[in-house]
Amino acid sequence: MVKAALFVALVATAMPAFADTPSAKLASDIRITESRTAVASGDSGAYIELAQAYLRAGRTGDATLAYRAALTRDNEMMLTKNGDSVWSHQIARDALALIPQYAAR
């Protein structure tokens with residue numbers, strides 16, 4: 001539960017910074033991450049990262065699809081920036097529950 005709360009806090013702080021004006025760097029990050037998911041299509045972590053990039057760009061529909069794609073892949077252990085371990089499916093489920101809040105912004 002604590003890990004889920006930390007993840008929610010990370011997502012909530014990362015999203016608003018780019019929601020209104022996607023920058024060239026953000027667009028480049030999305031293209032790179034899309035390429036990574038195309039190469040490693042079975043990697044749920046790559047889809048989580050792609051969904052996060054979409055959220056930062058305010059593309060909640062694409063983020064939803066990427067999180068759902070992560071749920072169809074193997075459940076992998078991932079590390080947060082704080083060094084905590086969390087399962088990729090848990091990240092995707094928690095984020096999908098918050099997507100309506102991001103779409104309303």
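Here are a few things to note about the model shown:
- Check on residue 71, out of contact with any helix residue (DSSP H, G or I) (no Cβ under 8 Å at 6 or more places or on another chain) and of a type in the set (A, V, I, L, M): no
- Scanning the range 11-35 for residues being modelled with pLDDT of 75 or more, hydrophobic (A, V, I, L, M, F, W, C) and under 13 Å from the mean Cα position of the chain (by Cα) gives a total of 1.
- For the range 36-105, the helices (runs of 4 or more DSSP H) that sit wholly inside it and include 1 or more residues that are modelled with pLDDT under 90 and open to solvent by 50 Å² or more (accessible area, probe 1.4 Å) are 44-56, 88-103.
The values are calculated or read from the model by the stated rules, or taken from the named source; none is laboratory data. Since this is a predicted model, take the numbers as computed values, not measurements. So basically every Cβ, Gly included, is an ideal-geometry build from the backbone, and we count neighbours across all protein chains shown. Each accessible area value is taken on the protein alone, full model and side chains, heavy atoms only, with ligands, DNA and RNA left out. Shrake-Rupley method; radii C 1.70, N 1.55, O 1.52, S 1.80 Å.
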